[in-house]
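The structure under discussion appears below in the form of structure tokens.
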Amino acid sequence: MNETASLRARAEIDLAALRANVRVLRARAAGAQLMAVVKSDAYGHGAVPCARAALEAGATWLGTATPQEALALRAAGLGGRVMCWLWTPGGPWREAIEADIDVSVSGMWALREVVAAAAEAGVPARIQLKADTGLGRNGCQPADWPELVAAARAAEDAGTVRITGLWSHFACADEPGHPSITAQLAVFRDMVEHAEKAGVEPEVRHMANSPATLTIPEAHFDLVRTGIAMYGISPSPELGTPADFGLRPVMRLVASVALVKQVPAGHGISYGHHYTTSAETTLGLVPVGYADGIPRHASGRAPVLVGGVVRRIAGRVAMDQFVVDLGGDEIEVGSEAVLFGPGDRGEPTAEDWAQAADTIAYEIVTRIGTRVPRLHLHATPAES
């Protein structure tokens, strides 16, 4: 048995598919640069290999949520433009500045901290001002924008910062036609205009996430930020499958069947006996559970491909394992149980699991835990 076959479980990451997806997204936003968002370990796919593959395919920026994620990219030897946007007081501003990372500023407290850190480092900080145009999360409110812009410009004149970007984020880009889209675009344009009249000369203005990249061309500006679409998952299933957008899912999640046994009719399965066999049957034990990121909400509902047949989880998902009713089929121990993949070989997709768990496919791939090794396939010499 080879090493791959002997693994309890594995997440196969198709870097060739990721590179192809980046090229498709670049074509969708021709004229704009592309930021490959690799936050949360590249949505569970492995940040460093995915970042390298994205850059090879033409991405010009990398994006992370936390500064620690951005610093990890630098520590891995990744150069080029990197931006991070989720800061808290006392964050590693100086480390980020010295690593030439663009940092997002949403309010006066952050500007004060980054200016102080830049003075200590003796290096101007590269900052991007974030506008809250209606999402209501991070970002500066329009009423507070003049003060933030004026203070940032003063710091720029003093040589402690360089304002490299102006940006915002959509609330409902995955719902084309939603009235908030037009409203947010109008607010963003007004806030950009104010900043530019105040003397800001941004390298990039950006607002488009994955759904906006695919469906809202007027939102592309100078840069698009592609996250989930880069990994081949549709950001808006109601509008189309990955294939409809020219994308291919990158992750394939597989486990080895750990046990096959025959049980009589009326046999309860897993905690709480929410599933009971209706006749004599065979059961297959799949050795992954919610400690590996398998959603417990998918108990009794999620599909799994075993022995060429799509079956449903029988009973509750436990911490380390779940059961499928094989319906009398004789499956060899060690056979593959494919939880999800691209779907073109009959296997379920991450979207199928999302529907079974009443969530979104973003969560399905991102939550797969560290006990599951990532096997990065089709790496080029430059990525190895």
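Once the Cα atoms are used to define both axes, helix 47-56 deviates from the longest principal axis of the chain by about 70 degrees. Think of a 1.4 Å ball rolled over the protein heavy atoms: the chain then has 41 Å² of accessible area per residue. Of interest is the spacing of the C-alpha centroids, which for segment 159-191 and segment 316-384 amounts to 35 Å. Taking label points 7 Å from Cα along the Cα-to-Cβ direction, GLU330 and ARG23 give a separation of 4.7 nm. Most tightly packed first, judged by the mean number of other beta-carbon atoms within 10 Å of their residues, the peptides 266-272, 363-369, 138-144 read 363-369, 138-144, 266-272. Of all the options VAL333, VAL192, VAL304, the one that moves most in a Gaussian network model of the chain with Cα springs shorter than 10 angstrom is VAL333.
Residues within the reach of a label modelled at ARG345 (point 7 angstrom out along Cα to beta-carbon, backbone nitrogen below 20 Å), restricted to segment 233-257, are 233, 242-243, 247-257.
What order do GLU156, GLU347 take when sorted by accessible area (1.4 Å probe), most exposed first?
Numbers: GLU156 35, GLU347 15 Å².
Ranked list, largest accessible area first: GLU156, GLU347.
Of the residues CYS50, THR215, LEU185, the one whose Cα sits farthest toward the positive end of the charge dipole of the chain, with +1 on the Cβ of Lys and Arg and -1 on the Cβ of Asp and Glu, is CYS50.
From helices alone, the chain scores -8500 deg cm²/dmol at 222 nm; the rule is -39500 (n - 2.57) for each run of n ≥ 4 DSSP H residues, then divide by the residue total. Here the chain is treated with +1 on each Lys and Arg Cβ and -1 on each Asp and Glu Cβ, and its dipole about the Cα centre works out to around 300 debye. Distance between the pseudo-spin-label points of VAL310 and THR241 (7 Å out from Cα toward the beta carbon): 0.9 nm.
Under a Cβ-only charge scheme (Lys and Arg +1, Asp and Glu -1), can you give me the dipole magnitude of segment 72-163 about the Cα centre, in debye to the nearest 20? Please list the in-between numbers first.
Numbers: 9 positive and 11 negative charges, 43 e Å.
Dipole magnitude for segment 72-163 comes out near 200 debye.
Surface composition of the chain: carbon plus sulfur atoms contribute 52% of the solvent-accessible area (1.4 Å probe, protein chains only, all chains present). Measuring between their Cα centroids, segment 49-111 and segment 240-260 lie 29 Å from each other. So which lysines pass the test for LYS197, namely a Cα distance under 19 Å, with those fewer than 8 places away in the same chain ruled out? Qualifying lysines at Cα under 19 Å: LYS130. When mean projected area of the Cα convex hull in nm² is calculated for this entry, the matching label among [x] 20.2; [y] 19.0; [z] 22.9 is [x]. Label sites at GLU193 and ASP144, each approximated as a point 7 angstrom past Cα along Cα to Cβ, lie 2.4 nm apart.
Sorting the segments 38-51, 16-29 by their mean number of nearby beta carbons within 10 angstrom, highest to lowest, gives 38-51, 16-29.
Classify segment 281-377 as rounded, prolate or oblate, taking a ≥ b ≥ c as the square roots of the eigenvalues of its Cα gyration tensor: rounded when a/c is under 1.5, otherwise prolate if a/b is larger than b/c and oblate if not. Because its axes are fairly even, with a/c under 1.5, segment 281-377 counts as rounded.
Would you mind calculating the gained length between LYS261 and MET108 on full extension (0.36 nm times residue separation, minus the Cα-Cα distance), in nm to one decimal? Please report the intermediate quantities before stating the final value.
On the way: separation 153, 0.36 × 153 = 55.08 nm, distance 6.34 nm.
Between LYS261 and MET108, full extension yields 48.7 nm more.
Given springs between every Cα pair under 10 Å in a Gaussian network model of the chain, which of TRP109, TRP87, TRP145 has the largest fluctuation? Per the Cα network of the chain with a 10 Å cutoff, TRP109 tops the list. Stretching the chain fully between ARG301 and SER180 yields a gain of 40.1 nm (0.36 nm per residue, less the alpha carbon separation). Amide hydrogen proximity for LEU375: with H placed 1.01 Å from N in the peptide plane, the residues at 5 or more positions away or on another chain lying under 5 Å are ALA11, GLU12, ILE13.
The values are calculated or read from the model by the stated rules, or taken from the named source; none is laboratory data. All figures in this text were calculated on a predicted structure; none of them were measured in a lab. Glycine also receives a Cβ, built like all others from the backbone with ideal geometry; neighbour counts cover every protein chain displayed. Accessible surface is based on the protein model in full, side chains and every heavy atom, while ligands, DNA and RNA are left aside. Shrake-Rupley method; radii C 1.70, N 1.55, O 1.52, S 1.80 Å.
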